[in-house]
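Enquirer: I am attaching a structure below and will ask some questions about it afterwards.
The values are calculated or read from the model by the stated rules, or taken from the named source; none is laboratory data. These numbers come from a predicted model, not from an experiment. Here Cβ is always computed from backbone atoms with ideal geometry, including for glycine, and neighbour counts include all displayed protein chains. Areas reflect the complete protein model, heavy atoms only, side chains present, ligands, DNA and RNA absent. Shrake-Rupley method; radii C 1.70, N 1.55, O 1.52, S 1.80 Å.
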Amino acid sequence: MRILVWHVHGSWTTSFVQGGHDYLVPLTPDRGPDGRGRARTYPWPENVREVPFDRLAGEEVDVVVYQRPHEVDLAREWLGRTVPGVYVEHNTPAGDVPKTRHPLAHRGDIPLVHVTHFNDLFWDSGHAPTHVIEHGVVDPGHLYTGELPHAGVVVNEPIRRWRVAGTDLLPTFAAAAPLDVYGMGVTGLPTTLGLTDRVQAYEDAPQAEMHAGLARRRVYLHPYRWTSLGLSLIEAMMIGMPVVALATTEAVEAVPPEAGVVSTKITSLVRALDAYASDPELAAQAGKAARAAALARYDIRRFTADWDRLLGEIAAG
């Protein structure tokens, strides 16, 4: 199939383009949000081709994958025709959550795919036909060494997203173990928190470099209050890291008891972080369980097979 998909979420798209189809990624002159083209910090296969937005009308496209509401109109404008499509909802609902209605809830012609069962439960999807295709992750390998008694954290824009990302909780966690924070928009975080001696920031590292760095940290900290399910959490588990996470959204499904500690009680999480940081053997044992659990549930082959079935149905009409 020939699939038009915007480069919105680099980690998810990296998994999505493993399906073996031809993927067209829009490109605008400024490489802005509507035309980033190919990823620069993720290893994408050669069958992902960036196409200038003003040349898309000349391309054959079987299915369009939408990830933001305005892309529905954008695709029609740039392609000059209507092509079957599917909408992927990556995010948890915002606002008055029990009543949050999805932007496509009024449409019955575009299937809506939620990336977690939590999202499917909490969004009001209205008339949209819904599916759940859980994440799949390319296995980075069992890289874990845990030689540094630090906690690895991956979060994008922690200063702007503050309570959503659990940034306000980091000083409490940093008292139990030094925190090494990877992601976009993390520069300045140690100073903002007033913890330059306990928090280090690693800005927008390439994926392979980030994985190698995380593998040296003893434990993975997932401080999010409100997110679908960070792919970085699954990647950390596949690397072989034990997990300490807030028991919110989909984390309670992703992390079994033998793989780490998941709780809404901050004191319990702090104790767990200290225990893993202090005991390399305990951490490694939980990390092995985390890897096994992640490989079983978030295998990339299951993910691409799920998408193949749905995309085939949509393209066939």
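Enquirer: Please enumerate the residues belonging to the range 268-289 that are among the aromatic types (Phe, Trp, Tyr) and open to solvent by 30 Å² or more (accessible area, probe 1.4 Å).
Expert: Once the filter is applied, which keeps residues that are among the aromatic types (Phe, Trp, Tyr) and open to solvent by 30 Å² or more (accessible area, probe 1.4 Å), the range 268-289 yields nothing.
Enquirer: Kindly establish whether Ala292 is without any contact (Cβ under 8 Å) to a residue 40 or more places away in the chain and surrounded by 14 or more Cβ atoms within 10 Å (Cβ to Cβ).
Expert: Yes, satisfied.
Enquirer: Please go through (1) open to solvent by 40 Å² or more (accessible area, probe 1.4 Å); (2) without any contact (Cβ under 8 Å) to a residue 60 or more places away in the chain; (3) over 22 Å from Ala165 (Cα atoms) for Lys265 and return the number of the only condition it doesn't satisfy.
Expert: Tallying (1) open to solvent by 40 Å² or more (accessible area, probe 1.4 Å); (2) without any contact (Cβ under 8 Å) to a residue 60 or more places away in the chain; (3) over 22 Å from Ala165 (Cα atoms), Lys265 fails exactly one: (3).
Enquirer: Can you run down the residue pairs with Cβ atoms below 7 Å, 6 or more apart or on separate chains, where the first is in the range 58-85 and surrounded by fewer than 16 Cβ atoms within 10 Å (Cβ to Cβ) and the partner is assigned to a strand (DSSP E or B)?
Expert: Glu59/Leu24; Glu59/Val51; Glu60/Arg2
Enquirer: Of Leu246, Leu233, which residue is of a type outside the set (D, E, K, R), buried (at least 18 other Cβ atoms within 10 Å of the Cβ) and in contact with a Lys or Arg (Cβ under 7 Å, 6 or more places away or on another chain)?
Expert: On inspection, the qualifying residue turns out to be Leu246.
Enquirer: So, one more: Only one of these is at positive phi, touching a Gly at 6+ places or on another chain (Cβ under 9 Å) and open to solvent by less than 50 Å² (accessible area, probe 1.4 Å): Gly213, Gly146. Name it.
Expert: After applying the criteria, what remains is Gly146.
Enquirer: Any residue in the range 169-184 that's among the small types (Gly, Ala, Ser): show its pairings with residues that are in a loop (DSSP other than H, G, I, E, B) at Cβ separation under 8 Å, as long as the two are six or more apart or on different chains.
Expert: Ala174/Leu195; Ala174/Arg198; Ala175/Arg198; Gly183/Val155; Gly183/Asn156; Gly183/Glu157; Gly183/Asp204
Enquirer: Here's a follow-up. Is it true that some residue in the range 109-121 is over 20 Å from the mean Cα position of the chain (by Cα) and more than 29 Å from Arg297 (Cα to Cα)?
Expert: Taking every residue of the range 109-121 in turn, at least one turns out to be over 20 Å from the mean Cα position of the chain (by Cα) and more than 29 Å from Arg297 (Cα to Cα).
Enquirer: If I filter the range 276-287 down to residues being touching a residue at least 60 places away in the same chain (Cβ under 8 Å) and out of contact with any helix residue (DSSP H, G or I) (no Cβ under 7 Å at 6 or more places or on another chain), which single residue comes out as nearest to Met237 (Cα to Cα)?
Expert: Looking at residues that are touching a residue at least 60 places away in the same chain (Cβ under 8 Å) and out of contact with any helix residue (DSSP H, G or I) (no Cβ under 7 Å at 6 or more places or on another chain), I get Gly287.
Enquirer: Follow-up. Can you pull out every residue in the range 298-317 that is in contact with a His (Cβ under 9 Å, 6 or more places away or on another chain) and of a type in the set (D, E, K, R)?
Expert: Passing the criteria: Asp306, Asp308.
Enquirer: Do we have Val164 as surrounded by fewer than 18 Cβ atoms within 10 Å (Cβ to Cβ), in contact with a Phe, Trp or Tyr (Cβ under 6 Å, 6 or more places away or on another chain) and either β-branched (Val, Ile, Thr) or free of Cβ contacts under 8 Å to residues at least 60 places away in the same chain (or both) here?
Expert: Spelling it out, Val164 is indeed surrounded by fewer than 18 Cβ atoms within 10 Å (Cβ to Cβ), in contact with a Phe, Trp or Tyr (Cβ under 6 Å, 6 or more places away or on another chain) and either β-branched (Val, Ile, Thr) or free of Cβ contacts under 8 Å to residues at least 60 places away in the same chain (or both).
Enquirer: Hey, does the range 142-159 have a residue that's touching an Asp or Glu at 6+ places or on another chain (Cβ under 8 Å), within 23 Å of His21 (Cβ to Cβ) and of a type outside the set (Ser, Thr, Tyr)?
Expert: No: the range 142-159 contains no residue that is touching an Asp or Glu at 6+ places or on another chain (Cβ under 8 Å), within 23 Å of His21 (Cβ to Cβ) and of a type outside the set (Ser, Thr, Tyr).
Enquirer: Any chance you could count how many residues in the range 136-165 are of a type outside the set (A, V, I, L, M, F, W, C) and within 30 Å of Arg301 (Cβ to Cβ)?
Expert: 10
Residue by residue, here is whether (1) of a type outside the set (Asp, Glu); (2) in contact with a helix residue (DSSP H, G or I) (Cβ under 7 Å, 6 or more places away or on another chain) holds:
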| residue | (1), (2) |
| --- | --- |
| Leu195 | yes, yes |
| Glu203 | no, no |
| Ala215 | yes, yes |
| Gly230 | yes, no |
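Enquirer: Considering only residues that are closer than 8 Å to Ala151 by Cα and either open to solvent by 10 Å² or more (accessible area, probe 1.4 Å) or of a type in the set (Gly, Ala, Ser) (or both), which ones fall in the range 172-191?
Expert: Of everything in the range 172-191, those that are closer than 8 Å to Ala151 by Cα and either open to solvent by 10 Å² or more (accessible area, probe 1.4 Å) or of a type in the set (Gly, Ala, Ser) (or both) turn out to be Ala177, Pro178.
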